[in-house]
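Asker: Please see the structure below; I have some questions.
The values are calculated or read from the model by the stated rules, or taken from the named source; none is laboratory data. These numbers were taken from a predicted model, which means no experiment stands behind them. Every residue, glycine as well, gets a Cβ built from its backbone with ideal geometry; the counts of neighbours run over all protein chains shown.
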Amino acid sequence: MENPTKFDQSPLYRWVILGVSMVILAVTMGQLVNGLSVYFVPIGATEGWSRGDIALINTCGLLGLGVGSILMGYAAERYGIRKVVLFGIAATGIAITVASGATALWQFYLLFFLAGALGGGAISAPLMALVGNWFVVGAGMAIGLASAGQALGQGGVPFSGAFLIEALGWRGAMMTQGLITLAVLLPLGLFLRDPPVIAHSAKLSDETPSGLPNSVITAWISLAVIFCCTCMAVPLMHLVPLIQGRGFEAPQAGSVLFVMLMVAILGRLAFGKLTDLIGAIPSYFLASAWQTVLVLGFVFIDRLDVFYLYAMIYGFGYAGVMTTIIVTTRNHTAPARRASSLGIIMAFAYAGHGLGGWQGGYFFDLTGSYHWTYANAAIAGGINLAIVAALWITVRSRARVVVA
């Protein structure tokens, strides 16, 4: 932390950290997680590429995000979160801007992989860890607010992107989003600080609350999130083209996703609060069950008003998944290893996102329909529920042994 002032060392500064983190997560993760969804149809129309090939662009970005989350989690612990996040903002903005001029699929694959690895990987896990460290009390709600910012971006970036594409073409729209990232987020990133409670306190513990080795907890949650995020990715990446396939225009389809993710803001806040009330793992199980039960229903809808209603219901519950994953990681990994543990877990989460998005395009090309795409999402969600339930039972049984 450079040249601290009295204000940025006070507890009140945590709200500045939270606000800045929300904006950074909204703009960057909105582009990298599902911002490409509104580009599927226009890129396919102009370049002649298949839906699966275009979906693989997003998958490469998410795989890069996974690799970067691991490396940048360790880098944040060593060099400080602000430096790492500023680097990530620059990498994201530059890669997206350059991608707007790409003419071959391999160029998109490479640029989006770099945007994920050097950009998103340096932003997502480190910022969530920073917010959790600033909010010693009420961390669940704070992380819920931070992830709500990401939800705002995941709805707002595709929604605004649809209008930019209509006005500027898909290349002009992509360039505009990259330049906005650089112009807005680099100045905001300068406000990030390490919390004084961490800077001046005793060394954080290497022990997990349950007594399980940190590596075991991290691996267990990592396995769960692969399947959880495979399920989650399908509506995020393929709801817009599904609705377009029903004969609706891109802004209409994008508006359904936008409404879903606006409701998701409330869901992330609600589930963040729920983790403080009933615990992180039960909340994670509930949110996962919500999305698993409902995800297949999208393929049976053909009216726009029903899409809006169903997306709102689905969005509230699905939204709790990422919040509860992050709080579960915070509450059950060793405090001294939170940033690196979260980086590893987010790596597997984004790998699951990439798998879900890619298989959606693959099975659409294979069958000409989205039925198997969404059915596979429900199957993956069921596997995740079994893994989370096993973790919940194990942690509870160890807690009873300690009490006895």
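Asker: Kindly provide the set of residues from the stretch 315-348 that are within 16 Å of PHE285 (Cα to Cα), among the small types (Gly, Ala, Ser) and at pLDDT below 90, ordered by number.
Answerer: Scanning the stretch 315-348 gives ALA319, GLY320.
Asker: While we're here: Here are some residues: ALA115, ALA75. Which one is at negative phi, in contact with a Leu (Cβ under 9 Å, 6 or more places away or on another chain) and either buried (at least 24 other Cβ atoms within 10 Å of the Cβ) or assigned to a helix (DSSP H, G or I) (or both)?
Answerer: Numbers: ALA75 fails: in contact with a Leu (Cβ under 9 Å, 6 or more places away or on another chain).
Criteria check complete, one pass: ALA115.
Asker: Would you mind stating whether PHE135 is modelled with pLDDT under 90 and surrounded by fewer than 23 Cβ atoms within 10 Å (Cβ to Cβ)?
Answerer: When the stated conditions are applied, PHE135 passes them.
Asker: Shifting gears a bit: Determine, yes or no, whether GLY356 is at pLDDT 90 or above and surrounded by 24 or more Cβ atoms within 10 Å (Cβ to Cβ).
Answerer: yes
Asker: Of all residues being among the hydrophobic types (A, V, I, L, M, F, W, C) and closer than 18 Å to ASP276 by Cα in the stretch 321-359, which is nearest to the chain's Cα centre (by Cα)? Just the residue, please. Explain how you work it out, then say what you get.
Answerer: Within the stretch 321-359, the first condition is being among the hydrophobic types (A, V, I, L, M, F, W, C), and the residues that meet it are 321-322, 325-327, 334, 336, 339, 342, 344-349, 351, 355, 358.
With closer than 18 Å to ASP276 by Cα added as a condition, the list becomes 321-322, 325-327.
Values: VAL321: 10, MET322: 7, ILE325: 10, ILE326: 10, VAL327: 14 Å.
It comes out as MET322.
Asker: Right, next: For the stretch 267-336, please list each of the helices (runs of 4 or more DSSP H) lying entirely inside it that holds at least 1 residues being surrounded by fewer than 18 Cβ atoms within 10 Å (Cβ to Cβ) and among the acidic types (Asp, Glu).
Answerer: Per the criteria, 304-318.
Asker: Still on this structure, I have one more. So, in the stretch 91-126, exactly how many residues are closer than 17 Å to MET174 by Cβ and in contact (Cβ under 8 Å) with a residue 12 or more places away in the chain?
Answerer: 23
Asker: Here is a further query. Could you list, in sequence order, the residues of the stretch 13-71 that are closer than 17 Å to LEU130 by Cβ, among the small types (Gly, Ala, Ser) and surrounded by fewer than 19 Cβ atoms within 10 Å (Cβ to Cβ)?
Answerer: GLY19
Asker: Can you pull out every residue in the stretch 225-254 that is in a helix (DSSP H, G or I), in contact with a Leu (Cβ under 7 Å, 6 or more places away or on another chain) and hydrophobic (A, V, I, L, M, F, W, C)?
Answerer: Once the filter is applied, which keeps residues that are in a helix (DSSP H, G or I), in contact with a Leu (Cβ under 7 Å, 6 or more places away or on another chain) and hydrophobic (A, V, I, L, M, F, W, C), the stretch 225-254 yields LEU239, VAL240.
Asker: On the basis of being surrounded by 19 or more Cβ atoms within 10 Å (Cβ to Cβ), in contact with a Ser or Thr (Cβ under 6 Å, 6 or more places away or on another chain) and in a helix (DSSP H, G or I), does GLY88 make the cut?
Answerer: So GLY88 does not fit the description; no.
Asker: Then there's this: For the stretch 298-345, which residues satisfy the criterion of being within 15 Å of LEU236 (Cα to Cα) and in contact (Cβ under 8 Å) with a residue 60 or more places away in the chain?
Answerer: PHE298, VAL299, PHE307, ALA311, TYR314, TYR318, ALA319, VAL321, MET322
Asker: While we're here: If VAL216 passes every condition in (1) in contact with a helix residue (DSSP H, G or I) (Cβ under 8 Å, 6 or more places away or on another chain); (2) assigned to a helix (DSSP H, G or I); (3) over 30 Å from ALA102 (Cβ atoms) but one, which one does it miss?
Answerer: Condition not satisfied by VAL216: (1).
Asker: From the list ALA90, ALA75, ALA125, exactly one residue is more than 23 Å from SER222 (Cβ to Cβ) and either at pLDDT 85 or above or out of contact with any strand residue (DSSP E or B) (no Cβ under 7 Å at 6 or more places or on another chain) (or both). Which is it?
Answerer: ALA90
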